[in-house]
Amino acid sequence: MVDRIIAADASRRNAITSFENLRAEQNAFGKKVAAAKGEEKAALLAEVKELAARVKAEQATADAAQEELTALQRSVPNLIQDGAPAGGEDDFTVVKTVGTPRDFSVDGFEPRDHLELGELLGAIDMERGAKVSGSRFYFLKGVGARLEIALMNMALDQAVSNGFIPMITPTLVRPETMQGTGFDVEHDDEIYRLERDDLYLTGTSEVALAGYHADEIVDLSAGPTRYAGWSSCYRREAGSAGKDTRGIIRVHQFNKLEMFVYCSVEDAAQEHERLLAWEEEMLAKVELPYRVIDTAAGDLGMSAARKFDCEAWVPTQDAYRELTSTSNCTTFQARRLNIRERSIGADGKPGKTRAVATLNGTLATTRWIVAILEQHQNADGSVTVPTALRPYLGGMEVLPVL
């Protein structure tokens with residue numbers, strides 16, 4: 001791939017040189033024509049017409065060479081940071097485990113899964129979701145709707161208290177914004193596209209927040225700029241046939257509060273640690289046992305140089321499932337979107353510009369409801385509300401069975 005990029009760059013440079021030489025010749029010829037008269041001028045005009053056609057053809061060649069180079073460059077993922085585990089999806093390393101999975105045998109009953117609980121509580125309606133929109137759609141209603149809003153508001157309050165600027169973001173973006181963030185709009189089957197408008201539905205507010213400062217020079221003199229984006233998110237879940245078909249673990253539409261940070265390259269690693277700590281703080285508030293994993297290099301995707309996931313224990317699946325993820329994208333997205341900061345010299349004067357670093361992390365999503373319902377269920381199907389969430393549910397201590 002590197003060899004192909006170098007070859008494409010050489011072709012682009014040659015094409016631009018040929019185009020610019022011909023255009024210079026065309027400009028010089030124009031002066032000749034202006035000074036000529038009679039038959040000489042008529043002959044020169046014929047040559048000008050031929051030269052104009054050649055210039056147009058050379059420009060098309062140069063444009064095509066540029067497009068080929070850009071396409072090849074966009075196919076190269078971010079450089080991986082030292083320390084990330086080698087391998088693929090199953091080769092992560094466990095950084096730490098917090099809390100102990102609940103032993104329901106001690107409590108004397110067999111746990112129900114989140115969908116059965118959601119139906120008992122009048123909180124989740126998959127049947128009518130499928131009737132209205134198709135498979136992997138759902139309604140949250142009653143205490144289900146209230147629980148999600150409470151969770152999101154608690155996450156937002158935590159974000160604001162840590163200096164994040166709340167944002168409600170567009171969920172439709174232009175292809176250049178999607179590509180700039182690191183998504184492959186041509187080949188990514190997870191993305192919904194509105195062909196008539198050439199717009200894309202985002203799977204995370206990270207996309208809109210990354211594009212927010214595109215083609216800008218941002219001021220980071222006071223430290224990182226942090227945004228908390230609240231949005232609905234959309235994913236086609238292509239290739240997931242047969243996986244997580246029950247309930248709301250893997251769905252086409254969900255809500256999420258996403259942290260997004262712009263900072264100087266030197267601050268990125270420490271900021272990544274902060275994002276992970278804030279995610280863990282949220283998990284502690286909803287009283288879930290969880291583990292933190294260091295994602296393997298082959299599972300990082302295009303943009304991330306390093307990524308940590310927090311996976312909560314889901315009792316009826318006897319497994320940890322991802323609830324949050326935080327990625328350090330270093331300068332990858334910023335270079336694609338032309339987002340820079342101005343350096344300050346030793347003399348205190350503004351210097352050259354350079355790319356900033358971008359990071360993202362999840363504070364709450366619809367999927368959290370799965371773990372909360374299963375972890376805190378009672379024998380009669382009711383669910384005890386985690387203490388920190390109660391103020392956001394009007395003081396409700398238990399979600400009652402209808």
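Cross-link reach is defined here as a Cα-Cα straight distance under 19 Å, omitting same-chain residues fewer than 8 places apart; for LYS32 the lysines meeting it are LYS41, LYS49. Give the percent of DSSP beta bridges with both residues in the chain that are antiparallel, rounded to the nearest 5. Here the share of antiparallel DSSP bridges comes out near 90 percent. With contacts taken as Cα pairs under 8 Å and at least 6 residues apart, segment 2-74 reaches a relative contact order of 58 percent.
Taking 25 Å as the straight-line reach from the Cα of LYS141, the lysines in range (excluding those fewer than 8 positions away in the same chain) are LYS131, LYS243, LYS256, LYS285.
Between the helical axis of 38-74 and the longest alpha-carbon principal axis of the chain there is an angle of about 20 degrees. For segment 2-74, the Cβ-based charge dipole about the Cα centre amounts to some 220 debye (Lys, Arg positive; Asp, Glu negative; other atoms uncharged).
Listed by chain and number, the aspartates and glutamates whose C-alpha is less than 19 Å from the C-alpha of LYS349, apart from same-chain residues fewer than 8 away, are ASP219, GLU341. Protection proxy ranking of 17-24, 108-115, 153-160, by the mean of other Cβ atoms within 10 Å over each peptide's residues and highest first, is 153-160, 108-115, 17-24.
Among 132-140, 344-352, sorting by the average number of other beta carbon atoms lying within 10 angstrom of each residue, highest first, gives 132-140, 344-352. For semi-axes √(5λ) of the Cα gyration tensor in Å, pick the label among (1) 39, 23, 20; (2) 53, 24, 19; (3) 38, 28, 19 that corresponds to the value derived from the coordinates. Identified label for the calculated read-out: (2).
Each value in this text was obtained by applying a stated rule to the coordinates, not by laboratory testing. The structure presented is a predicted model; accordingly, all values stated were derived computationally and were not measured. Neighbour counts run over all protein chains shown; Cβ positions are idealised from the backbone, glycine included.
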